[in-house]
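The values are calculated or read from the model by the stated rules, or taken from the named source; none is laboratory data. Remember, predicted model here, so these are calculated numbers, not experimental data. Note that each Cβ is placed from the backbone with ideal geometry, even for glycine, and that neighbours are counted across all protein chains shown.
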């Protein structure tokens, strides 16, 4: 009916405005805290303030994406509370609209918002986060090792301002500790080419790569064979894993191919698969936040006021966050299957929200 369509449009618009206001508040607070933290970390390095502000802005979309479920929850709470205080919800319910029809518009908006965040926003946030990580490595942490995996093998860069080594390996084993079919390009200061090493394999030890059956050539082009050749390095197995691209630096569209490539290269892709499945569950998580917001705020007068509603909503948000962190840790450790670890928080939140709405509707 036309009045229903008009009503649904109105409810959807009010809900979207509430989420937008909450997201803007959260983003401003997060940006301010992140900026202060960056200024503190760069205070002794004489880094221009404009560069620090740029870093904070580059990280902001990724932080906003992480805060979006909480914005949906708190934005939904305040939307329903405002409609309740203005007696609009009372008038809507008096017209014969059930709680489920009332939630149809906010749920639809939440699902669409989740799809938009996954398909369109993650490419932007991941690209900007990569730029932030590069600036942080260069300006704050100094020269950092950089690891990249492609269909042609693994590329690894190590060194400092005086010497650099670019390592290429066709195959990787033992989580990056052992490389096979290795080619190493040596560079001096100012990126001057200093030589090349071709080796059958390379094993990461304490402070050095041990190259087996290595052929070493310098600028003169003369070859020297070594059964075992030691190439100094500051890398460790842990640092190699830490240098691997973080899951949130990958967009939704790039993750499937990256997961396959990482597996073929010999690396564990558990973190990336878990992150990918979590993105798939993001629209369901947003829907769960709407149900929980509605269960706390649809009957404001009976529950005892705005303060109690906000407290319940905040506790629910922290509960979902804790459950998400717990299931993520269990999934990364292999204790529970990855699909279950990704889906459990949204499923639990949906069941809890539906139960409370059913109780309020029929109880």
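Count of the range 38-50 residues, restricted to those that are surrounded by 14 or more Cβ atoms within 10 Å (Cβ to Cβ) and either modelled with pLDDT under 90 or not assigned by TED's automatic domain parsing to the domain that holds residue 61 (or both), is 3. Of all positions in the range 121-130, none carries a residue that is farther than 14 Å from residue 60 by Cα, assigned by TED's automatic domain parsing to the domain that holds residue 9 and buried (at least 17 other Cβ atoms within 10 Å of the Cβ).
Given the structure, is residue 106 in a helix (DSSP H, G or I) and under 19 Å from the mean Cα position of the chain (by Cα)? Can you show your working first?
Working: in a helix (DSSP H, G or I): yes; under 19 Å from the mean Cα position of the chain (by Cα): no.
Here the answer is no, as residue 106 does not meet what is asked.
One residue alone among 145, 108 is surrounded by 13 or more Cβ atoms within 10 Å (Cβ to Cβ), at pLDDT 85 or above and touching a helix residue (DSSP H, G or I) at 6+ places or on another chain (Cβ under 9 Å), and that residue is 108.
In the range 1-37, how many are over 30 Å from residue 94 (Cβ atoms) and either in contact (Cβ under 8 Å) with a residue 40 or more places away in the chain or outside the structural domain of residue 74 (by TED's automatic domain parsing) (or both)? Reasoning before the result, please.
Looking only at the range 1-37, we keep the residues that are over 30 Å from residue 94 (Cβ atoms), and these are 23-37.
Of the ones still in play, those that are also either in contact (Cβ under 8 Å) with a residue 40 or more places away in the chain or outside the structural domain of residue 74 (by TED's automatic domain parsing) (or both) are 23, 26-27.
The qualifying residues number 3.
For (1) modelled with pLDDT under 90; (2) part of a strand (DSSP E or B); (3) farther than 30 Å from residue 261 by Cα, each residue gets a yes or a no:
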residue	(1), (2), (3)
194	yes, yes, yes
198	no, yes, no
213	no, yes, no
221	yes, no, yes
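Of all positions in the range 53-69, at least one carries a residue that is farther than 18 Å from residue 121 by Cβ and over 19 Å from the mean Cα position of the chain (by Cα).
Residues in the range 164-183 that are exposed (fewer than 14 other Cβ atoms within 10 Å of the Cβ) and at pLDDT 80 or above: 170 only.
Please determine whether any residue of the range 308-324 is crowded, with 22+ Cβ neighbours inside 10 Å, modelled with pLDDT of 90 or more and in a helix (DSSP H, G or I). Checked the range 308-324: no residue is crowded, with 22+ Cβ neighbours inside 10 Å, modelled with pLDDT of 90 or more and in a helix (DSSP H, G or I).
Counting only residues that are within 15 Å of residue 275 (Cα to Cα) and at pLDDT 90 or above, the range 326-363 holds 17 of them.
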